[in-house]
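Asker: Below is one structure. I have some questions about it.
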Amino acid sequence: MDPVAEVDVEHEKAVAARAAAALVEDGMTVGLGTGSTVAHLLDALAVRGVAARYVATSPRTEERARSLGLAVEPFGSHEHFDVAIDGADQVVPEGWLVKGGGAAHTREKVVAATADRFVVIVDSTKPVPALRPPVPLELLAFGTASTLRRLAAVGPVRVRPGAGPSPDGGVICDYLGAVEDPGALAGALGSVPGVVEHGLFPPGLVADVVIGRGDGVEWRRVAGPG
Ligand code: 5RP
């Protein structure tokens, strides 16, 4: 039997989300990511009922958070968040992440970079020995065809089928080439004019990775900001 088939992924997401929700205390400012693991986080935060101030990385997170009674504010003039909590598509032992399966990686990276502590919550299928494609990209809508031609020098990229524009009007694409050196690839993708953001998150951005495993969590400390 396939061992992965036995993993109760939704349960593990909820377990990791509950563990991270316990970090949130009254008066904190909190960045909220996007995705199905974050949906569990929102549930857990609503149950905790702490008086925190939240900023959401996507309209769907904002809507769900508000429907649960969480106090969502515009990003506005927040200089920092005490903590930001978000999911990921892949995480390697060194702390590099791939994010953007939900097409929200640009806002997610901005919020993560604004947080004193960026905490990643995943189920046990997300840790991998080495990053692999796809790596999500957001391109400026202006001149997309030209940007795609320049990106071809880095590797194969396609517009994500069925993906509409990002909340900021960007075109969601995926880089499909090899990911041998994440730092070098991040540099190459980020240096192409017209690339708004890529889904490679460096270990320096990540403080903690909380992995749901069965009924428990594995808590990994990463380099973190600063
Ligand atoms: C959205 C993301 C998500 O955090 C990532 O895709 C993981 O999603 P999920 O929790 O649904 O597995 O980066 O842009």
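The values are calculated or read from the model by the stated rules, or taken from the named source; none is laboratory data. What you see is a predicted model; the values in this text were computed from it and never measured. Counting neighbours? That spans all protein chains shown, and the Cβs are built from the backbone with ideal geometry, glycine included. Keep in mind that these areas ignore ligands, DNA and RNA; they rest on the heavy atoms of the full protein, side chains included. Shrake-Rupley method; radii C 1.70, N 1.55, O 1.52, S 1.80 Å.
Asker: Over region 135-198, calculate the relative contact order: mean separation of alpha carbon pairs under 8 Å at least 6 apart, over the residue count, as a percent.
Answerer: 48 percent
Asker: So what's the angle, to the nearest 10 degrees on a 0 to 90 scale, between helix 36-48 and the longest Cα principal axis of the chain?
Answerer: Result, in degrees: 20.
Asker: Which whole-percent values make up P(r) of region 61-202 when all C-alpha to C-alpha distances are grouped in 5 Å steps starting at zero?
Answerer: Bin by bin from 0 Å, the calculated values are 2, 9, 18, 21, 20, 15, 9, 4, 1, 0.
Asker: Then there is this: How much net charge surrounds A52 when only other residues with a Cβ under 12 Å from its Cβ are counted (Lys, Arg +1; Asp, Glu -1)?
Answerer: -2
Asker: Say each of R53 and S146 gets a label point 7 Å from the Cα, pointing the same way as Cα to Cβ; how far apart are those two points in nm?
Answerer: 4.1 nm
Asker: Could you work out what % of the accessible surface of the chain is carbon and sulfur, using a 1.4 angstrom probe and leaving DNA, RNA and ligands out of the count?
Answerer: In the chain, the share of accessible area belonging to carbon and sulfur is 56 percent.
Asker: For helix 9-21, report the angle its Cα long axis makes with the longest principal axis of the Cα atoms of the chain; keep it between 0 and 90° and round to the nearest 10°.
Answerer: Tilt of helix 9-21: around 70 degrees.
Asker: Distance in nm between label sites at A130 and E218, each 7 Å beyond Cα in the beta-carbon direction?
Answerer: Going from the A130 label point to the E218 one covers 1.9 nm.
Asker: Given the rule -39500 (n - 2.57) for each run of at least 4 DSSP H residues, summed and divided by the residues of the chain, what is its mean residue ellipticity at 222 nm, to the nearest 500 deg cm²/dmol?
Answerer: -8000 deg cm²/dmol
Asker: Quote the charge dipole size of region 135-198 about the Cα centre in Debye, to the nearest 20; the model charges only the Cβ of Lys and Arg (+1) and of Asp and Glu (-1).
Answerer: 260 debye
Asker: Using the Cα atoms of region 135-198 to build a convex hull, what is its mean projected area in square nanometres?
Answerer: 3.9 nm²
Asker: Please compute the per residue accessible area over region 1-156 with all protein chains in place, 1.4 Å probe, rounded to a whole number of Å².
Answerer: 44 Å²
Asker: Just to confirm a number: summing +1 for Lys and Arg and -1 for Asp and Glu over residues other than T144 whose beta-carbon lies under 15 angstrom from that of T144, what do you get?
Answerer: 0
Asker: What does the charge add up to near E73, with Lys and Arg as +1, Asp and Glu as -1, over the other residues with Cβ less than 15 Å from its Cβ?
Answerer: Computed value for this residue: -1.
Asker: How far apart, in nm, are the 7 Å Cα→Cβ label points at A71 and D168?
Answerer: Calculated label separation equals 2.7 nm.
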